[in-house]
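The values are calculated or read from the model by the stated rules, or taken from the named source; none is laboratory data. From a predicted model like this one, the values you see are computed outputs, not experimental measurements. Every residue, glycine among them, receives a Cβ derived from its backbone with ideal geometry; neighbour counts consider all protein chains shown. Side chains included, ligands, DNA and RNA excluded: accessible areas come from the protein's heavy atoms. Shrake-Rupley method; radii C 1.70, N 1.55, O 1.52, S 1.80 Å.
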Amino acid sequence: MAKMWAGRTAGSTDKIADDFNSSIHFDKRMYRQDIEGSMAHAAMLAKCGIITPEDADMLTEGLKGILNDLESGELQFDLSCEDIHMFVEQVLTERIGDTGKKLHTARSRNDQVALDLRMYLRDEASDIMSLIRELTETLTAVAEKNMGLVMPGYTHMQRAQPILFSHHIMAYAMMLLRDNGRLKDTVKRMNVSPIGSCALAGTTYETDRVFEAERLGFGEVAMNSLDGVSDRDFCLEFMSALSILMMHLSRFSEELVLWSSWEFKFIELSDSFTTGSSIMPQKKNPDMAELIRGKTGRVYGDLMALLTTLKGLPLAYNKDMQEDKEAVFDSVDTVKMCLKVMIPMIKTMKAIPENMRKAAGEGFINATDLADYLVKKGLPFRTAYKISGEIVAECIKKGCVLETFPLEDYKKYSGLFESDVYDDINIENCVEKRISLGGTSKASVLEEIKYVKKELSK
Ligand code: ARG
């Protein structure tokens, strides 16, 4: 069949060129936005007297029918069409005749595709934000349920200071709050209507871009038609926000992998979210966490791909820009899948308090508190720090820990040591003393939880 744009050429392209050029196999997912956009366009054309109200009604009814039939499965996508825009217009014209041919007055596929993509991503962003909230709520519930469990906090992957498991978990809730904030900001700039920019230069028809934008829920209209059709910043911003989100999920996944290893065994993932080995009968592998970590690379890759595609493009629309969709769709699908797996995986994970507590008792993670004890008794911190370090070295030699190091031995290092030192280096006390805002004491973590809940309710 000759192409809809046949005229200047015969419109009969080589099959391999068609396959290469066509985008319907991936842009068909924007059918709803495309149809909604077209309905608003028809209404605008009628309002401005460019088409008659009867034509607008016919167009709207026809478009509604296409939407219903696509949703019910009665109408199938014709993959021989170049893209979703051509497909909808073609079916419309087949169904309602010549009036269908009026729909494309005062617009171009260039502003149409930019409109559809903004509308589509706006919807996806809101789905992703709901999933992020759900994950944040899940983390908060885990933190509340396991309140009081003590584990080592790490720096350089070395045991550093004792912390609450809930404090560690809530750190991820904080990251997710920022991820949600970033997406919200992205949507603000995404929510600008390009329709009416037409091919690149605007139009000679007396259109009403603001009317059309408002009908589609946009807060603003693009104020430069060249920019309107060639701006893909909203995709890049969105993918950047998703990349940062994935980076967070990946760091968390890495911890889940470590924590579920025999070396740590701080947690046990549910059987429903782990796999076995085809050869090693003892295995319980954290595949889901590993895959989330692995898929982070894809999302970064999507962002890099689109940045690179756009970097050399002159204004205005260039076909290169069709490459935006597969990248951004892949990011959307990947992120949604990862969040959907992560939520139940976290819900069903079990903490193993004994192992956390045991690890917290073995790494001299109360050495800072030992130094602080001497500071309280009047020593300058640097001197106290040195003495504490020497005591740790002796403990290691003797095979004991600070809690079991005898008082007589402490006294050899400083006459300031009394029996109350044992209270100060008690691991639970070390946690409970850290009452600073954002600190690891139970009181501080409860405050953090309250803060996160408040943010979530906004
Ligand atoms: N399928 C195209 C895309 O995704 C739609 C815009 C095509 N415009 C054009 N003048 N060829 O970018």
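For this structure, a couple of remarks:
- Of all residues in segment 292-338 being more than 16 Å from the ligand (Cβ to nearest atom) and small (Gly, Ala, Ser), the one that is farthest from Cys235 (Cα to Cα): Gly294
- Scanning segment 99-120 for residues that are within 17 Å of Val229 (Cβ to Cβ) and among the charged types (D, E, K, R) turns up Arg107, Arg109, Asp111, Asp116, Arg118.
- Options Lys450, Lys412; residue that is open to solvent by 50 Å² or more (accessible area, probe 1.4 Å), out of contact with any Phe, Trp or Tyr (no Cβ under 8 Å at 6 or more places or on another chain) and farther than 22 Å from Val150 by Cα: Lys412
- Filter pass, Ser80 being of a type in the set (S, T, N, Q) and within 16 Å of the ligand (Cβ to nearest atom): yes
- So Phe218, is it in a loop (DSSP other than H, G, I, E, B), more than 16 Å from the ligand (Cβ to nearest atom), in contact (Cβ under 8 Å) with a residue 12 or more places away in the chain and within 27 Å of Val332 (Cβ to Cβ): yes
- Val452 being touching a strand residue (DSSP E or B) at 6+ places or on another chain (Cβ under 9 Å), aliphatic (A, V, I, L, M) and under 30 Å from Glu137 (Cα atoms): no
- When Asp369, Asp423 are checked against the criterion of being surrounded by fewer than 17 Cβ atoms within 10 Å (Cβ to Cβ), in contact with a helix residue (DSSP H, G or I) (Cβ under 7 Å, 6 or more places away or on another chain) and not hydrophobic (A, V, I, L, M, F, W, C), a single residue qualifies: Asp423.
- Only residues that are more than 16 Å from the ligand (Cβ to nearest atom), open to solvent by less than 10 Å² (accessible area, probe 1.4 Å) and over 16 Å from the mean Cα position of the chain (by Cα) were counted across segment 114-149, and they come to 2.
- Test: residue in segment 241-256 that is more than 21 Å from Asp333 (Cβ to Cβ), open to solvent by less than 30 Å² (accessible area, probe 1.4 Å), in contact with a Phe, Trp or Tyr (Cβ under 7 Å, 6 or more places away or on another chain) and in contact (Cβ under 8 Å) with a residue 60 or more places away in the chain: no
- Residues of segment 172-194 that turn out to be of a type in the set (Asp, Glu) and open to solvent by 30 Å² or more (accessible area, probe 1.4 Å), as a count: 1
- Highlighted here are the helices (runs of 4 or more DSSP H) found entirely within segment 3-113 that include at least 3 residues which are over 19 Å from Gln322 (Cβ atoms) and open to solvent by 30 Å² or more (accessible area, probe 1.4 Å): 31-47, 53-72, 84-96.
- Residues (assigned to a helix (DSSP H, G or I) and either surrounded by fewer than 18 Cβ atoms within 10 Å (Cβ to Cβ) or without any contact (Cβ under 8 Å) to a residue 12 or more places away in the chain (or both)) located in segment 258-281: Leu258, Trp259, Asp271, Ser272
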